[in-house]
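One structure is given here, and the rest of the page talks about it.
The values are calculated or read from the model by the stated rules, or taken from the named source; none is laboratory data. Since the structure is predicted, the reported quantities are computational estimates derived from the model, not experimental observations. Cβ atoms come from the backbone with ideal geometry, glycine included; neighbour counts cover every protein chain shown. What goes into the accessible areas is simple: the full protein's heavy atoms, side chains included, and nothing from ligands, DNA or RNA. Shrake-Rupley method; radii C 1.70, N 1.55, O 1.52, S 1.80 Å.
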Amino acid sequence: MGYSSINGLLLRKLMIGGANELNSNKQLVDSLNVFPVPDGDTGTNMSLTMLSAAREVEKSTSIKTGDIAKLAANGSLRGARGNSGVILSQLIRGFSKAVAEDEEVNTKKLAQAAKRGVETAYKAVMKPKEGTILTVARAIADSAAIVCEETDDIELFLKRVIEDGKKMLERTPDMLPVLKAAGVVDAGGMGLICILEGALKNLYVEGDVKVDEPSNATVIDFSALASVEQEEITFGYCTEFFILVQGAEDSVVNKFRTYLSTIGDCVLVINDDEVIKVHVHTDHPGLAIEKALEIGALNGLKIDNMRIQHTNKIDFKDAGSAAAAPAQAAPVAPDVPVERKKLGFVSICAGDGFADIFKNLGVDEVIEGGQTMNPSTEDILNAVNKVNADNVIVFPNNKNIILAANQAAIIEEDKKVFVVETTAVPEGITAMINYNPDDEVEDIVEQMSEAKGMVKTCTTTFAVRDTVIDGKEITEGDILGMYNGAIAVIAKDKQEGTKELVKQAIDEDSEIISIYYGSDITEEDAEEIGEFIEEEFPDCEVEIVRGGQPLYYYVISVE
C-alpha cells in the first residue's frame, strides 16, 4: 500500500536520499556549466548545501514533518555555497515555513509548500533569470498544484511533478541562448531534479538511510595550514564541548557566542534542539567552561594546546591528555580587554599572494576560496564573528559568492554586516585602497561600491571541455582570455593570449595596470607581460604582484 502522507521520519529519509543522489551526480551537474572554465561547480555547491541539510536531519528522530523541515532549512541556510546553493537553501526555507506546524503532510500541503519555496527563492534573487533553477522549481510547484487535486498518492505525485520538472528543464535552452549555444540544459535545474529523484528512489527503502560523505574531489586541501608559524597562533587552546540543554533561547545562545568572541576566536556555537555544540580558540578555556555552565551541564569536553601541537606535532586525544602535561603548558596571558573597532573587513580570495595583499590593506579576516571552492554562508559568518568590530564589510570578490554573503549579513545578529558586491579580486583591492576610516560606515560602503566600478578585470585561464560560446568554437585546453567575465580571447599560448587580452582592455583612459600572476606562472613570465604593456602603452603605469591564485594564470586589473 502506498503513502498518502509524509511524516517526519519519512521526510528525513527523503531528504537524505535526495542529498545522496545529488552527491552521486554532482560531476554530471558540474559538467553542464556553460562556461568551460575550471571553476564550474554548480553541482558541487548544490551537493555540499544539500549534504549540510541532510546531516542536520540525520540527527533527529522526530516524527513531526515540521521539525525535520526546520532542521533541513537551518542546515542548508548555513551550509549554502554559491548562488545555486543559496537558491536551493531558500527553496528549502520556504518549504519549511509552509509545514512548520504540521505533524505530517499530504499532497495538497506539499504543493502549498513547493509554492512557498519558489516564492521565497525568487525574492532572494535581485534579478531572477528564466531558464534557470528558479524556472524549473516554479514548473515543479505549478505541476504540484495540479497533481495534488488528482491524487493523494505520494509516489504518483512525485513521479508526475518530476516528469513535469524534466520537461521544463529540457526547455531551458530555449529561454537562455547561452545554454542553447553550449548544447546543455541548466545545471541548477538538473541538480534540483536529482534531489527529487533521490527522494523518490528512497520512498520505499526499508530501514535507515545514511548520509553519504562527499568524494575527495569536493574536500578542500588545508595542508598549507601546516606551515603556520607559532607566533601566528593568537589563542593557544582549542576548546570544544557540548552544553546539554533543551530548547535554549536564541538570545541566550547569541549572548554566549558574543562572550566567547571577547576571549578568543574561531568561535562556533551551534544550537540544536537538545544540545549546543561549542568550539573556540582561547587562552582561557576555564572562562568559556564557567560561562557555559550557567546555561547547562557539559559533555564531550576536549581541550588541545595548539602551540604544543604545532611545535611537537603532538595530537592530544582528549582533555585529560592535555592536563597530564602541565609542565609543557604555554604561558597564559592575563585578561586584557580589547576595544571593539567601529569597522572591520572580511575578504574572500584564492591565492596566498592575494591574501597577503588584503591583510596589508587592513582586512581583518581572509577566507580562502573563490573560483574553485565557494565558501558557505557558515564560513562567512565564522569569519565575521572573528572580527572584533561593531560593523563588518564583506568583499565576496566573485559573483557566485554574493548571495551567500548577503545571506550571512541577514543571519548575523551581533554585528551589522554590509556586503560590497565585488565580482573580482581587483575590485576588492580597489575598494580597500579607497577606504577612508574617518567617514561614517554607510558612506564608506557607498564609496567602496562606487570605487569597484572603476576597475576592469582581465583573467587568463584554460578550457576544460569542447564547446561553443557566442559563436566561438572552444577546444579543451585552449587558453581563454576573460574580460569582465566574458570570453574575449581564445588562444593556444597563455602568454600570447594574455597580450591580446590586455590590448582589448586598455584604452586611452587607462592609467594603472596591475598584473597579478598565479601559482603556475613564473615572475619572468609576468615581467614579459609587463614589458609588453609598457611598450604598447607607454603612458600606463604597470605593477607586477604575485597573486598565487590557482587555475587562473593571470588576473589583471585596468584602472
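Taking the conditions exactly as written (at pLDDT below 95, assigned to a helix (DSSP H, G or I) and either over 17 Å from Asn106 (Cβ atoms) or open to solvent by 20 Å² or more (accessible area, probe 1.4 Å) (or both)), does Pro173 satisfy them or not?
On the way: at pLDDT below 95: yes; assigned to a helix (DSSP H, G or I): yes; either over 17 Å from Asn106 (Cβ atoms) or open to solvent by 20 Å² or more (accessible area, probe 1.4 Å) (or both): yes.
Yes.
Identify the single condition in (1) within 30 Å of Lys255 (Cβ to Cβ); (2) in a helix (DSSP H, G or I) that Glu413 does not satisfy, given that it satisfies every other one.
Glu413 satisfies all of (1) within 30 Å of Lys255 (Cβ to Cβ); (2) in a helix (DSSP H, G or I) except (2).
I'm checking my understanding of the structure. Among residues of the range 9-66 that are of a type in the set (Ser, Thr, Tyr) and in a helix (DSSP H, G or I), which one is most open to solvent (accessible area, probe 1.4 Å)? Please lay out each step first, then the result.
Going residue by residue through the range 9-66, those that are of a type in the set (Ser, Thr, Tyr) are 24, 31, 42, 44, 47, 49, 52, 60-62, 65.
Restricting the remaining residues to those that are in a helix (DSSP H, G or I) gives 24, 42, 44, 47, 49, 52, 65.
On the way: Ser24: 88, Thr42: 25, Thr44: 19, Ser47: 2, Thr49: 0, Ser52: 30, Thr65: 1 Å².
By that ranking, first place goes to Ser24.
If Lys503 satisfies all but one of (1) closer than 18 Å to Glu559 by Cα; (2) of a type outside the set (Asp, Glu); (3) touching a strand residue (DSSP E or B) at 6+ places or on another chain (Cβ under 8 Å); (4) surrounded by fewer than 18 Cβ atoms within 10 Å (Cβ to Cβ), what's the number of the condition it fails?
Against the list (1) closer than 18 Å to Glu559 by Cα; (2) of a type outside the set (Asp, Glu); (3) touching a strand residue (DSSP E or B) at 6+ places or on another chain (Cβ under 8 Å); (4) surrounded by fewer than 18 Cβ atoms within 10 Å (Cβ to Cβ), Lys503 comes up short only on (3).
May I ask you to verify whether Thr422 is in contact with a Phe, Trp or Tyr (Cβ under 6 Å, 6 or more places away or on another chain) and either over 22 Å from Pro396 (Cβ atoms) or open to solvent by less than 10 Å² (accessible area, probe 1.4 Å) (or both)? If you could, list the steps in order and put the result at the bottom.
On the way: in contact with a Phe, Trp or Tyr (Cβ under 6 Å, 6 or more places away or on another chain): yes; either over 22 Å from Pro396 (Cβ atoms) or open to solvent by less than 10 Å² (accessible area, probe 1.4 Å) (or both): yes.
Against the criterion (in contact with a Phe, Trp or Tyr (Cβ under 6 Å, 6 or more places away or on another chain) and either over 22 Å from Pro396 (Cβ atoms) or open to solvent by less than 10 Å² (accessible area, probe 1.4 Å) (or both)), Thr422 qualifies.
Which residues, taken from the range 197-218, are closer than 24 Å to Asn400 by Cα, part of a helix (DSSP H, G or I) and in contact (Cβ under 8 Å) with a residue 40 or more places away in the chain?
Ala217, Thr218, listed by residue number.
Here are Lys277, Lys359, Lys291, Lys302: which of them is basic (Lys, Arg), under 30 Å from Asn436 (Cα atoms) and at pLDDT 70 or above? Before the answer, list the steps.
Working: Lys277 fails: under 30 Å from Asn436 (Cα atoms); Lys291 fails: under 30 Å from Asn436 (Cα atoms); Lys302 fails: under 30 Å from Asn436 (Cα atoms).
Within the list Lys277, Lys359, Lys291, Lys302, the selection yields Lys359.
Return the only residue of Asn397, Asn382, Asn434 being in contact (Cβ under 8 Å) with a residue 24 or more places away in the chain, polar (S, T, N, Q) and either surrounded by fewer than 18 Cβ atoms within 10 Å (Cβ to Cβ) or out of contact with any helix residue (DSSP H, G or I) (no Cβ under 9 Å at 6 or more places or on another chain) (or both). Break it down into steps so the answer makes sense when it comes.
Details: Asn397 fails: either surrounded by fewer than 18 Cβ atoms within 10 Å (Cβ to Cβ) or out of contact with any helix residue (DSSP H, G or I) (no Cβ under 9 Å at 6 or more places or on another chain) (or both); Asn434 fails: in contact (Cβ under 8 Å) with a residue 24 or more places away in the chain.
Unique residue meeting the criteria: Asn382.
Report, by residue number, each residue of the range 347-378 that is over 16 Å from Val555 (Cα atoms) and either open to solvent by less than 10 Å² (accessible area, probe 1.4 Å) or in contact with a strand residue (DSSP E or B) (Cβ under 6 Å, 6 or more places away or on another chain) (or both).
Residues of the range 347-378 that are over 16 Å from Val555 (Cα atoms), as a first pass: 347, 359-368, 373-378.
Scanning the range 347-378 gives Ser347, Val363, Asp364, Glu365, Val366, Ile367, Asn374, Pro375, Ser376, Thr377.
Collect the residues in the range 42-92 that are under 14 Å from the mean Cα position of the chain (by Cα) and more than 21 Å from Leu381 (Cβ to Cβ), keeping them in residue-number order.
Thr42, Gly43
So how many residues does the range 448-478 have that are without any contact (Cβ under 8 Å) to a residue 24 or more places away in the chain, at negative phi and over 26 Å from the mean Cα position of the chain (by Cα)?
4
What about Phe256, is it within 25 Å of Asn74 (Cβ to Cβ), of a type in the set (Phe, Trp, Tyr), surrounded by 16 or more Cβ atoms within 10 Å (Cβ to Cβ) and at pLDDT below 85?
It is false that Phe256 is within 25 Å of Asn74 (Cβ to Cβ), of a type in the set (Phe, Trp, Tyr), surrounded by 16 or more Cβ atoms within 10 Å (Cβ to Cβ) and at pLDDT below 85.
Just to verify a result, which residue in the range 239-253, among those that are of a type in the set (A, V, I, L, M, F, W, C) and modelled with pLDDT of 80 or more, is nearest to the chain's Cα centre (by Cα)?
Within the range 239-253, the subset of a type in the set (A, V, I, L, M, F, W, C) is 241-245, 248, 252-253.
Applying the additional criterion that residues be modelled with pLDDT of 80 or more yields 241, 243-245, 248, 252-253.
Details: Phe241: 26, Ile243: 28, Leu244: 30, Val245: 30, Ala248: 27, Val252: 27, Val253: 24 Å.
Taking the candidates together, the pick is Val253.
If you go through the range 114-126 one residue at a time, do you hit one that is over 26 Å from Glu149 (Cβ atoms), crowded, with 19+ Cβ neighbours inside 10 Å and touching a residue at least 12 places away in the same chain (Cβ under 8 Å)?
Of all residues in the range 114-126, those over 26 Å from Glu149 (Cβ atoms) come to 123-126.
Narrowing further to those that are crowded, with 19+ Cβ neighbours inside 10 Å: 124.
Retained after the next criterion (residues that are touching a residue at least 12 places away in the same chain (Cβ under 8 Å)): 124.
Scanning the range 114-126 turns up at least one residue that is over 26 Å from Glu149 (Cβ atoms), crowded, with 19+ Cβ neighbours inside 10 Å and touching a residue at least 12 places away in the same chain (Cβ under 8 Å).
Given Thr151, Thr132, which one is modelled with pLDDT of 95 or more, polar (S, T, N, Q) and open to solvent by 10 Å² or more (accessible area, probe 1.4 Å)? Explain how you work it out, then say what you get.
On the way: Thr132 fails: modelled with pLDDT of 95 or more.
Of Thr151, Thr132, the one residue that is modelled with pLDDT of 95 or more, polar (S, T, N, Q) and open to solvent by 10 Å² or more (accessible area, probe 1.4 Å) is Thr151.
What are the pairs with Cβ atoms under 6 angstrom where one residue, in the range 146-162, is part of a helix (DSSP H, G or I) and the other, located anywhere, is small (Gly, Ala, Ser) and surrounded by fewer than 18 Cβ atoms within 10 Å (Cβ to Cβ)? Sequence gap at least six, or different chains.
Glu155/Gly2
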